[in-house]
Structures are given as C-alpha cells and as structure tokens.
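The values are calculated or read from the model by the stated rules, or taken from the named source; none is laboratory data. Note that the coordinates shown come from a computational prediction; the quantities given were computed from them, not determined experimentally. Cβ atoms come from the backbone with ideal geometry, glycine included; neighbour counts cover every protein chain shown.
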Amino acid sequence: MRCRRCGQEIALARRCPYCFAVQPEEEPAPASAGEAATTRARQDGPGPGEGFRGPIAGDAAPPPSLTFWGRLRRFLHYFLDPAVPWTSKALVLGGLLYVLLPLDLVPDLFPLLGWLDDAAVVALVWSFLSQELQRYRPR
C-alpha cells in the first residue's frame, strides 16, 4: 500500500512514517475465495517470513518540520510570536548570553568546572526549548 499524500510504500500502516498522514481505512471487496483467504490472513498479521516491506532507511526526505531549516524557522516564529510569554524568551536569551559572555558563575579559567557549568546551562536550555517547540504551533 502506498501513502496517498507522499506516495511512499507504507505496507499496512495506518499512519505514514514519512509524512505522518493518516491513511483512510478502505478495504476492497475480494473477488474470489482465494483472495478472501489472503485478505483474512493479512488482517490476522504477518505470517512467517513476512514483515514490513517498505523502505528501511533514507529513501524519503524527512518532513520539513524535522529538518534543520524547519526547526530554525519554527524557533524564529516562536521567538517573534507575541503570544509566547516573555519569560520563556528571556530564559532562552539568558542561557545564550551566559554561554557567550565571559562572566560566569564558575570562570572558564578552571579547565573542567568552567566548561561544565556552560554545558549544564546549554543542556537545560536545550531541553526547555525542545519541549516548548514541540508544543508550539505557529498561528
């Protein structure tokens, strides 16, 4: 079976793993008794030696929201949207400034500790921002 939206082979999936489109549930009427048995076997699940027959790796481009440019565009929409609370924007901007400016809680003169506090701030802001961008829907 092929996805009606992107045309990729999706086997018997109800949602396309490439474009995430939900497929309509249309079951053609079997023409013969042999075809009816095959249809029943398909509904029961794959038999021995059968399985997913769609493309395994890299044949299709990822959806635009998963590419670097799609994520960057979503971030810019998020950051420029007046409906987003200013505290969220301040947290992201504060984390960026903390990493870029030379004033730190632990100075970078201490080789490992100075870098670890920067890494911790980057990890916290990255986690916060990824959760926010997952929930954010541009208007």
Fill in: Filtered residue count, region 65-87, keeping only those that are in a helix (DSSP H, G or I), among the polar types (S, T, N, Q) and at pLDDT below 85
1
Discussion item. If I ask for residues that are among the basic types (Lys, Arg) and assigned to a helix (DSSP H, G or I), which ones from region 90-139 would you list?
Written reply: ARG135
Fill in: Pairs where the first residue, in region 73-84, is assigned by TED's automatic domain parsing to the domain that holds LEU96 and free of Cβ contacts under 8 Å to residues at least 24 places away in the same chain and the second is among the hydrophobic types (A, V, I, L, M, F, W, C) and in a helix (DSSP H, G or I), C-beta under 9 Å, 6+ apart
PHE79/VAL92; PHE79/LEU93
Worksheet entry | region 6-20 residues that are of a type in the set (Asp, Glu), paired with ones that are modelled with pLDDT of 75 or more and not in a loop (DSSP other than H, G, I, E, B) (beta carbon under 7 Å, 6 or more apart) | GLU9/ARG2
